[in-house]
Amino acid sequence: MMFAQGDRIRYECTGDDGLPLVRYGFVGGVANSDGPLVVMLDGELSGDVVNAQQVQPVTVTTVELLLHGTDLVDEPDLRRGLVALWVAEADTAGLDIDCLRPYGDGECDSPGCWCLALVHSGGAEFVLRAAQCADDMVRVRAEASSGHP
């Protein structure tokens, strides 16, 4: 992926506590096509030099949550709350969401996978899904809509 100065980015790293951390910011400079990037992370005054492989462009499909506890998709009340958590993350990332239509308690489209909402952004349509992953984790992310549901 080629980045240019000013691109909005999502940076995955490890926090001081050893846990995974996602930060957002802008590309402040590019040394070369495969080298490190200088990123200006939100809330910081100075730039950080980061490995380009740890950075993604901010798009509807790259903003995701990885949460502990499969009860988040098993319980309808908690499942509905995942929509608000993802919207908060999208807001932090700086995404413009044109319209979001929740599916109530969600619609199970395969074991452990739930469609939570229809998302419109940038003239395109996406489905917000929650899926159980290994190790008692749940991933919440938007995927390109294929007419579902």
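The values are calculated or read from the model by the stated rules, or taken from the named source; none is laboratory data. For clarity, every value in this text was computed on a predicted model and none was experimentally measured. In this analysis, Cβ positions are derived from the backbone assuming ideal geometry, glycine residues included, and neighbour counts consider all displayed protein chains. Just so you know, the surface numbers come from the protein's heavy atoms only, side chains and all, with ligands and any DNA or RNA stripped out. Shrake-Rupley method; radii C 1.70, N 1.55, O 1.52, S 1.80 Å.
Evaluating 6.51 cos²θ - 1.76 cosθ + 1.60 at θ = phi - 60° for every residue in the range 128-142, the Karplus couplings come out as 7, 10, 10, 9, 6, 10, 5, 6, 6, 10, 10, 10, 10, 7, 8 Hz, glycine and proline recorded as x. Along each principal axis, taking the top coordinate minus the bottom one, the Cα set of the range 1-79 gives 47, 27, 21 Å in descending order. The angle separating the long axis of helix 76-93 from the principal Cα axis of greatest extent in the chain is about 20 degrees. Calculated mean residue ellipticity, 222 nm, the chain: -4500 deg cm²/dmol, from DSSP H runs (n ≥ 4) at -39500 (n - 2.57) each, averaged per residue and rounded to 500. Surface composition of the chain: carbon plus sulfur atoms hold 52% of the accessible area, using a 1.4 angstrom probe and ignoring ligands, DNA and RNA.
Each Lys and Arg Cβ is given +1 and each Asp and Glu Cβ -1; about its Cα centre, the chain then shows a dipole of about 360 debye. Take the range 1-124 with all the other protein chains still there, run a 1.4 Å probe, and you get 55 Å² of accessible area per residue. Here Thr61 sits with roughly 50 square angstrom of accessible surface, probe radius 1.4 Å. Averaging the sequence gap over all C-alpha pairs within less than 8 Å and six or more residues apart, then dividing by the number of residues, gives the range 13-111 a relative contact order of 17 percent. Looking at the chain, the pairs of alpha carbons with a distance over 24 Å make up 38% of the total. Of the whole protein surface, Met2 contributes about 130 Å² of accessible area at a 1.4 Å probe radius.
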